[in-house]
1. Over the chain, with a Gaussian network built from C-alpha contacts below 10 Å, which listed residue (Ala188, Ala161, Ala23) shows the highest mean-square fluctuation?
2. Anyone know which of Leu200, Leu51, Leu172 comes out most mobile in the 10 Å Cα GNM of the chain?
3. How large is the convex hull of the Cα atoms of the stretch 105-197 per residue, expressed in Å³ as a whole number?
4. At what distance in nm do the modelled label points of Ala46 and Leu172 sit from each other, each positioned 7 Å from its Cα along Cα→Cβ?
5. Grab the eigenvalues of the alpha-carbon gyration tensor for the stretch 18-169, scale each by 5, take roots, and send me the semi-axes largest first in whole angstrom.
6. Once the other residues with Cβ under 15 Å from the Cβ of Ala90 are scored (Lys, Arg +1; Asp, Glu -1), what is the net sum?
7. If the chain between Val179 and Glu55 were fully stretched, how many nm would it gain, using 0.36 nm times the residue separation less the Cα-Cα distance?
8. Once you have the Kirkwood Rh of the stretch 143-184 from its Cα pairs, apply Stokes-Einstein at 25 °C and 0.890 mPa s and quote D in µm²/s.
Amino acid sequence: MPREGPGVTTSRIVVGISGASGALYARGLVRALVGLGREVHLTASAPGLRLLHDELGMEGLDAGALAGLPEGADPRDHGVFVHPWRDIGASIASGSFLHDGMAVIPCSGNTLGAIAAGLGENLLTRAAQVCLKERRPLVLVHRESPLTLIDIENMRRVTEAGAIVAPANPGLYFLPTTVEEIVDFVVAKTLDLLRIEHDLAPRWGEGTVRIRSRRGSPER
Ligand SMILES: Cc1cc2nc3c(=O)[nH]c(=O)nc-3n(C[C@H](O)[C@H](O)[C@H](O)COP(=O)(O)O)c2cc1C
């Protein structure tokens, strides 16, 4: 139920996938958002598409597979929309397209640098630039190690401009036993930073609930 005016709730989230290792984080976030009834607008850089292929065996940006939809389902019927990285005129490239925030997950050092420099030459970096100019939440789930001083300076710069750098850096204090649980930890942190309520992972001080399994989601 989109409404008029800046800073309102639209239920839409933009998800950008860049060419850093961690395609599982992107998949986890998309599945969580769809499960929480959010409209998801997806874009991946060209190296991001390669990562989806290398790490998930995906041909192109397969929104159905990312969202865990049954074979043949139209992702748009489930509120998942794909925007090609070259389409610099897509809705998410404009500040007039209202949404509740964007996560770049995973976020490469290259994309971090482009955002820090104010570049918007592909749709992902343009959408991030728009988030900053419209003062909407922008969460960068950075993945690279070790960091150069250039990365650190870029992180400072984007933070000063309003973004949140949230490294893909899972805590182990809930004693995860599966990769899925580790992924859930990072996805849960991303949802928190986007101010989206969820019960994907336990919270310190709120009992000893185990991380909820996502095995119930249809797999492809
Ligand atoms: C298999 C693979 C894994 C990569 N992992 C990372 C990574 O974890 N972090 C990173 O900053 N770059 C990583 N890279 C390099 C980036 O993909 C490369 O710098 C690319 O230009 C990033 O472009 P983008 O920011 O437009 O997606 C990886 C590349 C490949 C092929």
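No lab work stands behind these numbers, since they all come straight from the coordinates. Just so it is clear, the structure is predicted and the values come from calculations on it, not from any experiment. Cβ coordinates were reconstructed from backbone atoms using ideal geometry, including for glycine residues, and neighbour counts include every protein chain displayed.
1. Ala161
2. Largest GNM mean-square fluctuation: Leu172.
3. Numbers: hull volume 10.0 nm³, N = 93.
That works out to 108 Å³ per residue.
4. Between Ala46 and Leu172, the simple spin-label model gives 3.8 nm.
5. On the way: eigenvalues 115, 63, 36 Å².
After scaling each eigenvalue by five and taking roots: 24, 18, 13 Å.
6. Values: positive: Arg12, Arg76, Arg86, Arg126; negative: Glu39, Asp87, Glu121.
Here the count lands on +1.
7. Working: separation 124, 0.36 × 124 = 44.64 nm, distance 1.36 nm.
Result for the pair: 43.3 nm of gain on full extension.
8. Details: Rh = 12.2 Å.
Here the translational diffusion coefficient equals 201 µm²/s.
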